[in-house]
Amino acid sequence: MLHRIDVVSGCSPRCPSCTACSDSPWQASLEQVSAASDAETLLLGGGDTTTWRHLAAFLALNQTRATPQAVMIEAPARALTTAMLRSLARRGVTGVLVQIEGSGAVMLKTANLGDGERVVAEAEALGLQAHVRLCVRPITLTLLSGVAGRLSPRSTWVELIAADWGQTPVGYQPAAVERLLSLGQVAVFSGHRQTGHGYLPPCTMPTFWKRRPAAWQSAAWQLNPDLPEQANTVLPACATCDLRMLCRWNDLPLLSEKLRATAKPIVGGRLPWLKERKTEIAVPAFIIKQRPPAEVVCVSPWTTMEITDPAGDVHQCCSAWTVSSRGNVHGTTLG
């Protein structure tokens, strides 16, 4: 399973679109990160992870393990130069999560942004997995929708920011955000960096919630044990919404006051990815007669593969029960 740990604070200089990173400069110790040794895939984040002072030592230590962890590096596009990508590939990094804030030569030059699409192409040419976080502002929504379409079906996380650069918040039309997410079945809301921020709640997109609820899976939708268990009361719809005990959304600037009032409560709010499997038909008698005297607990790990993670990892049967993945639908073969 994917485990994200912040190792650095915000980038220096700051990314134009970033609203999630810490302003106070700090860096994690090697011991703090090494303590997450039980994670199958480790996402090192927080800002420009390439500047973490212990990165080289951690990667070298990881290669000495009997089973090295899969390590993903999070960074803005401008930090992932050709030389940096080659260095990461040499040192055993599995892939990169590149933050894309704009597209087109004029915007990239004006805002001092890196070319995220170039990063994706070069990373994959080096054998690295390439995942994408689109940091979207109202003025860049249409532009980055085009980027999402061109990069599909790669894993793409969408993080919404309420205001354009230096402007007051204007919010989003849910239909426009739905169109962006519909460009690829792996485009989902990002919840890696801010619980409750950076996405629209299902009550503003009820039709899309019914069609593709997995778009919210990475947006902190299980109850966080570090937060008090209480019902969400941010919107009028929360009072009768079946998700009120699970939903942590509180990013009011993303929606106009009118849209907040027209949100529709979700009925039947059990999270689809937490549903227990049910046997659809009885096992035929002739199969039961062929079974050995010893009870067979479960054969699914030998007959079933599934993909439940937006990152594209393939697991035998239940991803929470079997150990490690069997490959990645976006970049590796089954093994």
Open item on the list: Modelling each spin label as a point 7 Å along the Cα-to-Cβ direction, I'd like the LEU30/LYS109 distance in nm, to one decimal.
Closed with: 4.4 nm
Task: Extension gain, ALA57 back to CYS298 (0.36 nm per residue minus Cα-Cα distance, nm) - done: 82.6 nm
Task: Listed peptides 237-250, 51-64 by packing density, highest first (mean Cβ within 10 Å) - done: 237-250, 51-64
TODO: Consider just the alpha-carbon atoms of the stretch 1-64 and return their Rg together with their Dmax, both in angstrom.
DONE: 12.2, 38
- [ ] Provide the gained length on full extension for the span SER87 to ALA176, in nm with one decimal, where the gain is 0.36 nm per separating residue minus the Cα-Cα distance.
- [x] 28.2 nm
- [ ] Starting from the coordinates of the alpha-carbon atoms of the stretch 77-211, obtain the Kirkwood hydrodynamic radius over all distinct pairs and give the value in Å to one decimal.
- [x] 15.6 Å
Task: Inter-label distance, nm, simple model (7 Å from Cα along the C-beta direction), ASP164/ALA121 - done: 2.9 nm
Task: Cα-projected label distance for GLU306 with LEU252, points at 7 Å along beta-carbon direction, nm - done: 3.9 nm
Open item on the list: If packing is taken as the average count of other Cβ atoms within 10 Å, what order do 204-216, 253-265 fall into, highest mean first?
Closed with: 204-216, 253-265
Task: Three-way shape call for the stretch 69-125 based on the alpha-carbon gyration tensor, with the a/c threshold at 1.5 - done: prolate
Task: Theoretical FRET efficiency, 1/(1+(r/R0)^6), r = Cβ-Cβ of LEU259 and ALA231, R0 25 Å, to 0.05 - done: 0.75
Open item on the list: Less than 14 Å Cβ to Cβ from LEU259, Lys/Arg counted +1 and Asp/Glu -1: what total charge do the surrounding residues give?
Closed with: 0
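Read the figures in this text as sums done on the coordinates, not as results from a lab. Computed from a prediction, not measured in an experiment: that's the story for all the values here. We place every Cβ from the backbone using ideal geometry, glycine too, and count neighbours over all the protein chains shown.
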